[in-house]
Structures are given as C-alpha cells and as structure tokens.
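What follows is a set of notes on a single structure, which appears directly below.
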Amino acid sequence: MLVQLSHPNRQIEVKGPKRTKDLLRELNLVMEAHLVIRGDELVTEDEWLADADQIEIRPVISGG
Amino acid sequence: MNCTKCPTSTRAVIGLPRHNAAFCKNCFITFVHEQVARAIKSFKMLSPEDRILVAVSGGKDSLALWHILLKLGYRADALYVNLGIGSYSEESHRKVRHYADNEAAAHGAKLIVHVVEQEAGAGIRELATILHRPTCSTCGTIKRYQFNRAAIEQEYDVMATGHNLDDEAARLLGNVLHWQNDYLDKQSPTLPASVEGFAKKVKPLCRLSEREIAAYAVVNRLDYIVEECPMAKGSKMILYKEVLNRLETESPGTKQRFYWGFLDKQAKPEAPAESMADKDQRTLLPCDSCGQPTTAGTCTYCKMMAKAKSATLR
C-alpha cells in the first residue's frame, strides 16, 4: 500500500494486508498523535489495510 | 470496531480509549458538540446573545472551533492575523478565507483580517530578528495584542481561542516543571475581562484532545493547514505533548486527569494541610508486637512475618 506521511511530506510503500495499529507500530508512530485516513475516510486501529489501499498518516500535534 | 453508541452498531471511524468508547461519524460529531456545550456551561463561557470573536489561524483547532460555534447557533465572527511567514501564511490565509466564504458566510458570520506587515512594516521573522526575541514569543505577543484590540474596538463580548486539552495539559506540565505559579492562574478555560481594556477569553475546546479535533475536522471535510508552522520546529510545547501522548498511550485518560484534576483543585482550594508530624502524632501508636510506630495494633511487618512463619511451619 502507498502511505503518505507528513513533516516532511513523503510517500512510502508498505506491504499489506496489515492492521492500522501494526502499521503505526512498524513506523514507530503513536496512535494518540496521528490519524490514519484511507481515501478520505478515517480508520480505527483494528482496521485491516489492504495492498491496494491509499493511506495517509496525518500528524495531529501542533506547536500550540 | 463498531460504534458503541448506535443501536445498529455502525462501523466506527474513531476509537476513544480514554472514554472506553468508539463512535461512527454521526455519533462522533454529536460527542464533540456535547463536549463543547458542556465546557461552555461548566465554565460559564458564553451566553446565546454574546457576540463572539474567534481567533483563527487556518489550523484544525481554530477552524473546528468556528465551525462548532456556528453549528451550535452562536453569533461568531473570526479574526485572522497574517504573520507574513512566506508560503505558510499565504496557505493558511487561503484556507481561512475559503472557510469564511463557503461555510461561515451562510451563517451570517464574517472574517476580519489583520496583516502584520501592513502595520509593522515587516513580517514576524524580520520583527523577531530586529527585536532580538524568539519568533514564537514575538508571534504570541502580537496575536494576543491584535485579538484583544479587535475584540475591544469592535465591541465583541468574548474572544474564543482553539486551545485544546493537549495544549492545556502541555502548558500545565511546562508550568509545573518550572514551578511558574503565576502562570497557573491563567490556565482557567475562562478568563474574565478583569480590567477595562481586557476582553473576556474562553477556550471551548478544553475538554477535547488534539486528535479528536483533527478527526472532527476530517469527518466534516474542513480544509485546514496540516503543515506545521515552520517557526514551531523544536518547540518545548511539542516535546511536552509527545511525552504526554506516550503516557496517554500506556494509560488512557492521563491528559484529562492531569488537566481536569488541576482545574478541580483550582475551583475548590484545599484547607491548609496538617503537618506530617502532627498527623503522625495523632494517628500512630507503638506496635503491640515490636514497638515500632504503626496505625494498626500490630504493624504490617509483624503481621507479614507471623504469616510467613506459620506457612513455613505447615
């Protein structure tokens, strides 16, 4: 699956199928600080992501 | 994961471990609106007649706040301060303008814009260099000043900012780590118009986490600036938030217990604490077996040893 990351903007290819929480763990990212978006829909941490999915992992922390 | 609120258990779009819940899109929107309404009521933030000025930056929190207040039926205009940070300011300005024209205008709400460069002759980065001050501190001073000035001059009853639970918990952590007691008083979600010339300030998103607000913006298709302000890189606030999010992951509810617990203690000041020596003298007596001080007749050590000996003998 194609995964879009921010800060800095980049795309990486990850092998599926994979649960959302496992994808985040592999990338060393904390769920509490990110949203996972498939297409334009939010997905929960137990959702399975397929090879054909386009995924965005969006950070939610801002400087405040 | 299915919605824990819907009778039909629709597929959830977000899980909220701190509430032991998961919500579908509609239930999540209702949840967010209820949390904001609850904050407004508990902290006496707004009345239905108030004219509100929302401080917007183009980020998720302030745009979500403007959206929620309009959806809840409040009369809320917004002020955007263009800081002159190159393409970042251009993009955030465009996002705010887009929301104002395409959503807020339909509610009769207007956008006010202040351009720092027009008044000060330079953008925020140049001003910080000229003044030998950190950019974030210069930015904070300018934004607080301009929002307060606009609220007072244009006779708004109250000014609302998009500070969320993570902002407040991180700020509290920073203030406690450095024992900045003077700043703790300013962490209330409602700050009154204490003197002539100060507008009342409220933080209606204080019950919602940063992630919940970002999720609200996504499910409502609010087009906000995802890119972080280039000046905020390496900021202490981000570090505090990362630390708190690690704790939250291990122990859901940590951030709300930390911040809400602080607010509870502020609201109900405790009676002066009894000294440790006075309390000890009032509650401790010699153990009837070994003579060391204990609150019970026989101390815990003697009970443990007696139990261990009887188990060994068996």
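Holding the Cα-Cα limit at 30 Å, pick out from B:LYS201/B:LYS233; B:LYS5/B:LYS268; B:LYS201/B:LYS268 the pairs that are longer than that.
Values: B:LYS201/B:LYS233 27 Å; B:LYS5/B:LYS268 33 Å; B:LYS201/B:LYS268 22 Å.
Over 30 Å Cα-Cα: B:LYS5/B:LYS268.
Picking from B:LYS95, B:LYS186, B:LYS110, which is most flexible by a Gaussian network model of chain B using Cα springs under 10 Å?
Among B:LYS95, B:LYS186, B:LYS110, the largest mean-square fluctuation in the Gaussian network model of chain B belongs to B:LYS186.
Please tell me the relative contact order of chain A in percent, rounded to the nearest whole number, where contacts are Cα pairs under 8 Å and at least six residues apart.
Values: 107 pairs, mean separation 27.2, N = 64.
Value for chain A: 43 percent.
To the nearest 0.05, how large is the calculated FRET efficiency for B:ASP278 and B:MET305 if R₀ is 25 Å and r is the Cβ-Cβ distance?
Numbers: r = 30 Å, r/R0 = 1.22.
E(calc), rounded to 0.05, equals 0.25.
Please list, by residue number, every one of the GluC sites (Glu not before Pro) in the stretch B:212-314 that is coil in DSSP and has at most 13 other beta-carbon atoms within 10 Å. Don't skip to the end; give the middle numbers.
Details: sites: B:GLU212, B:GLU227, B:GLU228, B:GLU242, B:GLU248, B:GLU250, B:GLU270, B:GLU274; in loops: B:GLU227, B:GLU228, B:GLU270, B:GLU274.
Qualifying residues, ordered by number: B:GLU270, B:GLU274.
Helix B:86-102 sits at what angle to the longest principal axis of chain B, using alpha carbons and giving 0 to 90 degrees rounded to 10?
On a 0 to 90 degree scale, this one is about 80.
Which residue, B:ALA273, B:ALA169, B:ALA214, has the most motion in a Gaussian network model of chain B that connects Cα atoms within less than 10 Å?
Answer for the Gaussian network model of chain B: B:ALA273.
Round to the nearest 10 and give me the degree value, 0 to 90, for the angle of helix B:165-177's Cα axis relative to the longest principal axis of chain B.
60
If the elastic network links every pair of Cα atoms under 10 Å, which of A:ASP22, A:ASP53, A:ASP40 fluctuates the most in the Gaussian network model of chain A?
Looking only at A:ASP22, A:ASP53, A:ASP40, the largest GNM fluctuation is found for A:ASP40.
Kindly express, to the nearest 10 degrees and within the range 0 to 90, the angle between helix B:210-219's C-alpha long axis and the longest C-alpha principal axis of chain B.
50
Using Cα pairs under 8 angstrom and six or more residues apart, how large is the relative contact order of the stretch B:1-96, in percent?
Details: 113 pairs, mean separation 18.0, N = 96.
Relative contact order, the stretch B:1-96: 19 percent.
Output the relative contact order of chain B, whole-number percent, from Cα pairs under 8 angstrom with separation of 6+ residues. Could the numbers behind the result be given before it?
On the way: 429 pairs, mean separation 54.9, N = 314.
Relative contact order for chain B comes out at 17 percent.
Indicate the gyration tensor shape class of the stretch A:2-59 (rounded, prolate or oblate), computed on the Cα atoms with a ≥ b ≥ c the square roots of the eigenvalues: a/c under 1.5 is rounded; otherwise a/b larger than b/c is prolate and the rest oblate. Can you show the working numbers first?
Details: a/c = 1.30, a/b = 1.11, b/c = 1.17.
It is rounded, given that a/c, with a ≥ b ≥ c, falls under 1.5.
Distance from the Cα centre of the stretch B:238-305 to that of the stretch B:33-65, in angstrom?
The stretch B:238-305 and the stretch B:33-65 have Cα centres separated by 36 Å.
Given chain B, what percent of its DSSP beta bridges are antiparallel, to the nearest 5? Present the calculation step by step, with values, prior to reporting the outcome.
Details: 8 of 25 bridges.
Of the beta bridges lying entirely in chain B, close to 30 percent run antiparallel.
Given A:LYS21/B:LYS241; B:LYS25/B:LYS255; B:LYS95/B:LYS143; B:LYS143/B:LYS265, which pairs have Cα atoms separated by over 22 Å? List each step's numbers first, then the result.
Numbers: A:LYS21/B:LYS241 20 Å; B:LYS25/B:LYS255 24 Å; B:LYS95/B:LYS143 18 Å; B:LYS143/B:LYS265 30 Å.
Violating the 22 Å Cα-Cα cut-off are B:LYS25/B:LYS255; B:LYS143/B:LYS265.
Counting Lys and Arg as +1 and Asp and Glu as -1, each charge on the Cβ, what is the dipole of the protein assembly as shown about the Cα centre in debye, to the nearest 20?
Working: 50 positive and 47 negative charges, 216 e Å.
I would put it at about 1040 debye.
At 0.36 nm per residue, and after removing the present C-alpha to C-alpha distance, how many nm does the segment from B:LYS236 to B:ASN102 gain when stretched out fully? Walk me through the intermediate numbers first.
Details: separation 134, 0.36 × 134 = 48.24 nm, distance 3.56 nm.
So the chain would gain 44.7 nm between B:LYS236 and B:ASN102.
How much of the DSSP bridge set in the protein assembly as shown is antiparallel, in percent, rounded to the nearest 5?
Values: 21 of 41 bridges.
Around 50 percent antiparallel, to the nearest 5.
In the protein assembly as shown, with Lys and Arg counted as +1 and Asp and Glu as -1 at Cβ, which of these residues, B:HIS33, B:ALA199, B:GLN266, has the Cα nearest the positive end of the dipole, that is, farthest along it?
B:GLN266
Sketch the reach of a paramagnetic label on B:SER47 as a point 7 Å from Cα along Cα-to-Cβ, and name the residues of the stretch B:189-215 whose backbone nitrogen lies under 15 Å away.
B:193, B:200
Can you tell me the FRET efficiency between B:ASP264 and A:ASP46 if r is taken as the Cβ-Cβ distance and R0 is 51 Å, rounded to the nearest 0.05? Mind dumping the intermediate values first?
Details: r = 34 Å, r/R0 = 0.66.
About 0.90, to the nearest 0.05.
Can you give the longest stretch of chain B with no exposed loop site, where a site means chymotrypsin sites (Phe, Trp or Tyr not before Pro) in a DSSP loop (not H, G, I, E or B) with at most 14 other C-beta atoms within 10 Å?
B:1-178
Between B:CYS24, B:ALA215, B:VAL56, whose Cα lies farthest towards the positive end of the dipole of the protein assembly as shown when Lys and Arg beta carbons carry +1 and Asp and Glu beta carbons carry -1, centred on the Cα centre?
Toward the positive end, the furthest listed residue is B:CYS24.
Bear in mind these aren't lab numbers, they're just calculated from the coordinates by the rules spelled out. Because the structure is a prediction, the values reported are computed rather than measured. Cβ coordinates were reconstructed from backbone atoms using ideal geometry, including for glycine residues, and neighbour counts include every protein chain displayed.
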